[in-house]
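Report on the following structure.
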Ligand code: M6R
């Protein structure tokens, strides 16, 4: 939520800031702005809406500067308006601040500062930071910033400049991600490496309560006690940066089509055929502890939570572990018994979701083993966990998560197989799972070759206002995830339900205007799904099914059916979700929705 970028060097700052903002826009697109210093003046330009609006505004301005800070906003305090947009400034327009996070004690500080005659322009929590620094400033920005951040309660990634101090930008981190990019006599800072990797691959990952001071030809990093730190520069090796839509109309579509590759990347080099087991280098340091774990808790949010729900079923099938899946936002408040015999596994694409981070911090306090399945290398969750597995799926830019969901499911299966093989899973069973995993990329490609039918069916259903999604066992999470995809990008009301629960309430919704998407593969739940579909048909409900070509009865009973190849039951949801991702995509496109940037959402949710 909210993206920050800063530049300090010799080049024109604004093109670099704008380029970075475009790459950070997935983090929020309610408003955007920048501040640069030109001839000792703090020049602030901001607009409501997307970065393209800011681009249009700055195109008409002639500003030259080689250091500045910029921001793209997902609104928390104060509605999206120009005055609430970042950067925020002090009373004399000398200090500019951009902020990602939330200041919890801002009202208390604001009242104090008002009493000292500070004048506030916005409704935001961030503006108090600019005024607090002004209040503490007596010629040394570093000292003023250090003193000010000690007063702040909450989370923040900050970039700060002062018009009177040439080529100095101060970056501070607590809770929200900030990465420093080291160039040749130029320095960058951004909420993620993607925003600055076109200029350098040398990165420093700031930890909480660290501050970076960037000048035009030097930098240093300090802690809050004002001690200089010797932080390691990490070289980004992955070619994850030159990301564009590669000819697809939207990132979401591109990412759906990338799934054969992202699934393959999830298991590449991680299967040992000869032993019917998986090999996960990231878990090796904790493997002995893992063998003795008594309880396994998966924590995550949104789509990652639905992957975790399915992970629970997969773990129950392959291991003897007691497994629970928890919404991260609930987990941290519960009175759970956690100790060194419990493993808590965080699932997160971004690796920075605030609820998930807070949950694992709570688990760490109680001594649990912390594991992660994370896509963003070096992210906060990757740093805090004891061990973990990367998705290696490449960046996911579309706000609606697609390729990470299927990648997470593959990795959860690999972890369950690894543990299960120490328990009762046999070599033969392990080998069957490995064979099935290997076939997934080609099976997904097969589905992606025949999307015209999905597009046609989506057109037929684009005008409906409500949908029910149902599935049983492994496909109950598929129903939840299918419904989430539809609602988040098309703004159509969609409910995911365990098919068996339908008769306990939601069936009263069914009529000819309330279609049901039934995920009904040819597995052990087939007969029960047939009964549920009959119950819906008896009430004039329309059925769109996701099934297998040999499930003739389902196909006959359905108004429309998407057929997908058959695999083993635990992996079938990976294939079943593909047509549902596309169904949601085409409906949203037919309705003219902003698919990659749905309203009110942001890709990384860094507030609790
Ligand atoms: O980065 P994370 O996986 O931790 O994100 C969790 C959710 O915010 C995310 O999956 C969200 O639900 C997606 N927009 C769903 O498509």
Study note, to complete from the structure: For residue 522, the lone unmet condition from (1) within 16 Å of the ligand (Cβ to nearest atom); (2) under 30 Å from residue 318 (Cβ atoms) is (1)
Revision key, fill the gap. All conditions in (1) in a loop (DSSP other than H, G, I, E, B); (2) surrounded by fewer than 18 Cβ atoms within 10 Å (Cβ to Cβ); (3) modelled with pLDDT of 95 or more are true of residue 108 except (1)
Point to revise | Matching residues in the range 467-523 - criterion: being outside any loop (DSSP other than H, G, I, E, B) and over 27 Å from the mean Cα position of the chain (by Cα) | key: 499, 500, 501, 502, 503, 504, 506, 507, 508, 509, 516, 518
**Study point:** Residue selected from the range 347-388 under the condition over 23 Å from residue 336 (Cα atoms) and away from the ligand (no atom under 14 Å from the Cβ), by the criterion surrounded by the fewest Cβ atoms within 10 Å (Cβ to Cβ)
**Key:** 383
Exercise for review: With a cut-off of at least 3 residues that are farther than 28 Å from residue 395 by Cβ, name the strands (runs of 3 or more DSSP E) lying wholly within the range 185-235.
Suggested key: 219-223
Point to revise | Considering residues of the range 118-133 that are in contact (Cβ under 8 Å) with a residue 12 or more places away in the chain and part of a loop (DSSP other than H, G, I, E, B) only, the residue surrounded by the most Cβ atoms within 10 Å (Cβ to Cβ) | key: 126
Review point. Which of the residues spanning the range 76-90 are in a loop (DSSP other than H, G, I, E, B) and touching a helix residue (DSSP H, G or I) at 6+ places or on another chain (Cβ under 6 Å)?
Key: 90
Exercise for review: Check whether at least one residue in the range 423-430 is in contact (Cβ under 8 Å) with a residue 60 or more places away in the chain, over 13 Å from the mean Cα position of the chain (by Cα), crowded, with 24+ Cβ neighbours inside 10 Å and not in a loop (DSSP other than H, G, I, E, B), and report yes or no.
Suggested key: no
Review point. Which one of these is out of contact with any strand residue (DSSP E or B) (no Cβ under 8 Å at 6 or more places or on another chain) and outside the structural domain of residue 157 (by TED's automatic domain parsing): 372, 398, 378, 388?
Key: 398
**Study point:** Residue count for the range 86-109, restricted to those that are within 19 Å of residue 163 (Cβ to Cβ) and either outside the structural domain of residue 132 (by TED's automatic domain parsing) or touching a strand residue (DSSP E or B) at 6+ places or on another chain (Cβ under 8 Å) (or both)
**Key:** 11
Revision key, fill the gap. By residue number, the members of the range 389-408 that are away from the ligand (no atom under 12 Å from the Cβ) and either under 10 Å from the mean Cα position of the chain (by Cα) or assigned to a helix (DSSP H, G or I) (or both) are 406
Practice item. State the number of residues belonging to the range 164-187 that are more than 21 Å from residue 604 (Cα to Cα) and touching a residue at least 60 places away in the same chain (Cβ under 8 Å). Key: 9
Exercise for review: Examine the range 580-594 for a residue that is within 16 Å of the ligand (Cβ to nearest atom) and not in a helix (DSSP H, G or I), and state whether such a residue exists.
Suggested key: yes
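The values are calculated or read from the model by the stated rules, or taken from the named source; none is laboratory data. Fair warning: this is a prediction, and the values are worked out from it, not measured in the lab. In this analysis, Cβ positions are derived from the backbone assuming ideal geometry, glycine residues included, and neighbour counts consider all displayed protein chains.
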